[in-house]
1. Run I32 past the list (1) under 21 Å from L315 (Cα atoms); (2) loosely packed, with under 12 Cβ neighbours inside 10 Å and report the number of the one that doesn't hold.
2. Between M237, M172, M195, which is assigned to a helix (DSSP H, G or I) and within 30 Å of E350 (Cα to Cα)?
3. Test G31 against the stated conditions and say whether it is small (G, A, S), within 16 Å of N219 (Cα to Cα) and touching a helix residue (DSSP H, G or I) at 6+ places or on another chain (Cβ under 7 Å).
4. Do you know which residues across the range 64-81 are of a type outside the set (D, E) and surrounded by 12 or more Cβ atoms within 10 Å (Cβ to Cβ)?
5. Mind telling me which of the residues I308, I264, I292 ends up being among the hydrophobic types (A, V, I, L, M, F, W, C) and at pLDDT 85 or above?
6. Quick one: which residue in S168, S204 is of a type in the set (S, T, Y), over 30 Å from I59 (Cβ atoms) and in contact (Cβ under 8 Å) with a residue 40 or more places away in the chain?
7. What residue, among those in the range 119-168 that are assigned to a loop (DSSP other than H, G, I, E, B) and either in contact with a strand residue (DSSP E or B) (Cβ under 9 Å, 6 or more places away or on another chain) or of a type in the set (A, V, I, L, M) (or both), is modelled with the lowest pLDDT?
8. Looking only at helices (runs of 4 or more DSSP H) that fall completely inside the range 391-501, which ones have 3 or more residues that are at pLDDT 80 or above and not assigned by TED's automatic domain parsing to the domain that holds L346?
Amino acid sequence: MLYTTLLYIALAIFGIGLIYKVAGWFRFSLGIEDPAMTPAVRIRAALKGVLSVLFSAKILTLIRVFITDVLFQNHIRKQDTLRWAMHMLIYAAFTFLFFLHALDKVIVTSLFEKYYLALNPFLLVAGCMVVAGLAIAFYRRFVQDVPRLKSNGNDIYTLILLAVILLSGIAMELTKLQSYNHYQKFWDVHYLACMVGLAYLPFSKMFHILTTPLSLLANAVMDRHSDPANIKTRQIMELDACMHCTNCSKRCSVAVAADSIGNINILPSERMAALKQYVAYKEIGARGLAAIRQGIYLCTNCDRCTVICPAGINLRDLWFNVREEMIRRGDSVPLMLTPFSFYRGLKRQELNAEQYERPLQKTEKALTDPFALLKTDTVVPLTAENSAFKKTAGLAGRTGTYAYCFSCENCSTVCPVVGNYEAPQQALDLLPHQIIRSMGLGLKDLAMGSRMLWYCLTCYQCQEHCPQGVKVTDIFYELKNLAVMQANGSSAPNGSERAVK
């Protein structure tokens, strides 16, 4: 009676947790909210998407991915053989134990009448396989010292719980034919641990054994043209699919900054854990938001994390949506001074015009207000040049190359920002080559007050196509830094110092 009660309690907690998790996939969202995209709309879109895949040629893709990446985990095998062995030992053995041990009354006893009266070597082999897998996991996390493999409380609790289940199960099987009293004690521990594991599963890292296959299958048949409602649902599900393997952190191009700055959320794998809390509550305190924001804005959009993720999570689009939500909340940093400005410009077609322009205009106003843009129909006299500005703006060495410019206009011709406007000079004030010439003339307000300077995507097209080797993008960086320093009330650096980029 007690065992049955514990089973029903564990199943009830598991069911409630599972419903809560799945419901969250349709309730929560990241990125700009769409009031029309209600949970009901997203559920209908998901059902429609599933049916359309099942009754189309995409079903063949699902079958292929299920066999190669879900069952045999080829994605992991190509990256790390030891880690692949760990996963295969644990998953294969647990699958065997689930069907031939947990469901023994349904399957095994119907095939073998004297199942409970004999030692089952298959259970011992399966148990030893799981123990071997857990030993590898322990070795990787606490002995091998894999770079940036961070272990949190969830990882440790999971290892301890699985170890208790497996060791008590092996001890129970070994004492099966020797001592009923010892067998019963190990059985009690084993059963209780299994019930705790079952109830804990939806709330733990172990939930990824269900969500990771779903993520792999969903990403195999979805792309950026899929229903936006399904993309939003998939992104929330992907947060649960993360297994905290830290593959993304090991290959992140800016992960080295985590050690220097001391912000662990710069590491993508650690950021995922913080984002789960943020998605559910939208409030994790000013310090928590600042930590996430710093990690997200340092991202260079190199896409290494997405390519290497064994769960198939589209991390690149996830970071983009989180940044857009932060911008909408007002929790953003000046976009024009981060690598995100270029990537955001490339994806501007996915954002409405107001959404794209608002933060840029806010930043532009804050930084250009100190400068009165010179607009006149008369010839500007060279005697009005600011020689001190010319000296200051050229102190970075590379930025001093503005003097080589002979106004061929190559930089303006290849600029994607210029090409975006029918009347670029009206929209941008000055074109890139004109800003460079303003430098040569020493016209500070003209160079630093132009919208072109702040709309620059830092794509380096201008710099790569300059026949004179003028470091156009680097010059723009220097001008932005000088403008920020002046806007903050700082004095310009002297000739022996460089502006901080």
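1. The failed condition is (2).
2. M237
3. Spelling it out, it is not the case that G31 is small (G, A, S), within 16 Å of N219 (Cα to Cα) and touching a helix residue (DSSP H, G or I) at 6+ places or on another chain (Cβ under 7 Å).
4. The answer is V65, F66, T68, V70, L71, F72, Q73, N74, H75, I76, R77, Q79.
5. I308
6. Result of the check over S168, S204: S204.
7. Filtering first and then ranking leaves L119.
8. Helices (runs of 4 or more DSSP H) meeting the threshold: 410-414, 416-419, 424-428, 432-441, 451-455, 461-465, 472-487.
The values are calculated or read from the model by the stated rules, or taken from the named source; none is laboratory data. All values derive from a computational prediction rather than experimental measurement. Every residue, glycine among them, receives a Cβ derived from its backbone with ideal geometry; neighbour counts consider all protein chains shown.
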